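Structure record follows, encoded as structure tokens.
Coordinate-derived values only; no laboratory data. Predicted model, so just to flag it, every value in this text is computed and none were measured. With ideal geometry, Cβ positions are generated from the backbone for all residues, glycine too; neighbour counts draw on all protein chains shown.
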Amino acid sequence: MSLKTSLSRLFLSGVAVLLVFAMVVGPLGAQEKEKAKKAPDPALLPVEDVPGLPRVLLVGDSISIGYTLAVRRKLEGKANVHRPRANCGPTTAGLENLDAWLKTGGEGKKWDVIHFNWGLHDLKYLGPNGENLAEPGSPGSHRQVSPEDYRKHLETLVAKLQGTGAKLIWRNTTPVPAGAKGRVTADVLVYNEIAKDVMARAKIPTHDLYAYAFERLDRIQKPADVHFTPEGSVILADDVVRAILETLHL
């Protein structure tokens, strides 16, 4: 057998091995990617209570999901920190789901503190057919929840939360930067002012995370995006922890 023939056969054998490898590994790689897509956010996974520690519930949207793990870590040994296994979205979602969310971690268990927020989804714009994050001012676009309905919804939600007997902390809505899709920067002030009035009437303290974040926006928030960087979420968590500890008198 010539050297050329031997090299050709060796090459073909190598190609065959690579093809078999690709056939096996390719699907496995796709499966791993699919698993990664389906993997739940660690912040949404349930936690077990440490006996004897106060129970804290965080209710809020993706901003609160972003700081949940850091809050939980910073309060380790001081409080059991839970959150619903969902993005709590607008006040309409709260009206539909709050009863179930209050059972997080076990039905019948009492909450010591509930730190809650709605607003960022209420003020976002939808298209005429419900298209998400529509361009404000475009034909048929509208806020998901009007300011008038936002007030009514908050009043209903607050009454239900007060019925839990927990100490309540209202966390106002964080800033909407210029260029953020589907939202208007100034709307945050309108909705926060409504919430401030509702909470004052209900004698619920407001955690002003808006002001805390606003002072640091250039280093904690993503450009033209309502969300925060991972490092930014940890910084927000510092102030959330402060508010909770003060309420628990720890």
In vacuo Debye sum over C-alpha of region 51-141, base-10 log of normalised intensity I(q)/I(0) at q = 0.12, 0.19 Å⁻¹, listed in q order, is -0.46, -0.88
Residues whose built amide H sits under 5 Å from the amide H of Phe228, excluding neighbours closer than 5 in sequence, are Lys222
Taking a straight Cα-to-Cα line shorter than 13 Å from Lys160, and setting aside same-chain aspartates and glutamates fewer than 8 residues away, one finds Glu96, Asp99
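Filter Lys110/Lys203; Lys110/Lys181; Lys103/Lys181; Lys38/Lys222 down to the pairs with a C-alpha to C-alpha distance above 29 Å, please. Mind dumping the intermediate values first?
On the way: Lys110/Lys203 21 Å; Lys110/Lys181 39 Å; Lys103/Lys181 34 Å; Lys38/Lys222 25 Å.
Pairs exceeding the cut-off: Lys110/Lys181; Lys103/Lys181.
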Placing each pseudo-label 7 Å from Cα in the direction of the beta carbon, Asp238 and Val47 end up separated by a distance in nanometres of 2.0
Expected vector for region 236-250, Karplus 3J(HN,Hα) from phi with 6.51, -1.76, 1.60 and θ = phi - 60°, integer Hz, x for Gly and Pro, equals 4, 4, 4, 7, 5, 4, 4, 4, 5, 4, 5, 5, 7, 6, 9
In Å³ per residue, the alpha-carbon convex hull of the chain encloses 210
Rounded to whole angstrom, the alpha-carbon centroid of region 78-130 lies from that of region 178-197 at a distance of 19
Filtered hits (aspartates and glutamates, Cα-Cα < 19 Å from Lys78, offset >= 8 within chain) -> Glu48, Asp49, Asp112, Asp238, Asp239, Glu246
